[in-house]
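Inspection log for the structure reproduced underneath, given as structure tokens.
The values are calculated or read from the model by the stated rules, or taken from the named source; none is laboratory data. All values reported here derive from a predicted model rather than from experimental measurement. Please note: Cβ atoms are built from the backbone with ideal geometry, for glycine as well, and neighbour counts cover all protein chains shown.
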Amino acid sequence: MNTEELLTKLAECVEFGKVNKAAPFPPAMKGQDGADELAKLAVEMGIKPTDILNEALILAMDKVGDKFTQKKIFVPQMLIAAKAMNAAMAHLVPFFKSGEVKRKGTFIIGTVAGDLHDIGKNLVAMIVEGAGWEVIDLGVDVSAAKFKKCIQDNPTAIVGLSALLTTTMQSMQKIAAEIKAEFPDIKLIVGGAPVTDDFSKEIGATGYSSDPQGAVTLLNSLVA
Ligand code: B1M
């Protein structure tokens, strides 16, 4: 297998959620090497980690995000694709740590105080990470103080707030105001089922996205 064939195959594994050779899913790829084995092989073959990331993994996750936006795939397919992505990424971690592979930026994300919904937030975190960002996931029920502490430690980060309840939209508004009072130049993006573009403008957020791929596009535009 040459480099191009290997990266194409690796991208397919991520796109269709073939985690490793033992994984029975997807049935059409049963018994074949998965993202785990192929990423390992790519590193052993000396393919540049940035090429593995950009020409296989990110490419595949972009497709996954687009298909999800277009409702061609659903949450389970996106989760399994993210699992395959993570299996491949494990082989690239040493290169990230050494600084050989540069991230596009840091994205701090959390579900706002009072809100325990994390499925959508986790999807956003996974897709953004898959798109080449460092993601700091603060979890659920995150207070303004916790966001602010994290921003202090990561001053160039962009912040993402997620809310799933109409009641916690108020919490989102309060947290956004507290963050902006202390960090007026911070870039803040918001999302979650009840959140709208109008609401994001009302609370002074930098931007809004209704889905993970939109969040990636927004983030990329903010550092372009
Ligand atoms: Co809750 N819940 N829930 N719930 N729950 C909803 C949201 C609800 C609409 C159900 C309903 O009544 N039809 C309703 C909210 C009504 C409202 O406020 N308008 C509701 C309620 C009322 C409640 C409780 C109050 C119920 C109760 O206890 N009486 C309670 C609140 C607890 C709390 O948070 N304090 C509660 C609890 C729960 C569970 C814990 C049981 C569970 C959450 C488990 C978990 O997350 N780990 C749960 C669930 C699963 C749901 C539903 C069924 C599914 C939510 C979900 O995961 N959707 C939901 C009904 C529904 O949506 N059909 C419901 C799938 C997910 C992929 O979509 O989260 O929208 P979503 O994320 C999307 C986008 O919004 C976007 O990208 C994601 C992918 O496309 N996105 C962002 C999200 N964050 C983003 C951030 C971005 C950008 C995009 O940038 C930063």
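Check every one of the helices (runs of 4 or more DSSP H) wholly within the range 8-123 and list those with 1 or more residues that are within 16 Å of the ligand (Cβ to nearest atom) and closer than 26 Å to Met172 by Cβ.
In the range 8-123, 59-69, 75-89 are the helices (runs of 4 or more DSSP H) which contain 1 or more residues that are within 16 Å of the ligand (Cβ to nearest atom) and closer than 26 Å to Met172 by Cβ.
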Which residue pairs have Cβ atoms under 7 Å apart, sit 6 or more places apart or on different chains, and have a first residue in the range 166-188 that is aromatic (Phe, Trp, Tyr) and a second that is part of a loop (DSSP other than H, G, I, E, B)?
none
Hey, can you tell me all the residues within the range 102-133 that are of a type in the set (Gly, Ala, Ser), farther than 16 Å from Pro194 by Cβ and modelled with pLDDT of 95 or more?
Gly105, Gly110
Looking only at the range 59-71, decide whether some residue is out of contact with any His (no Cβ under 9 Å at 6 or more places or on another chain), over 24 Å from Glu134 (Cα atoms) and without any contact (Cβ under 8 Å) to a residue 40 or more places away in the chain.
yes
Any helices (runs of 4 or more DSSP H) falling wholly within the range 126-224 and containing at least 1 residues that are within 22 Å of Lys71 (Cβ to Cβ), within 9 Å of the ligand (Cβ to nearest atom) and in contact with a Ser or Thr (Cβ under 8 Å, 6 or more places away or on another chain):
212-223
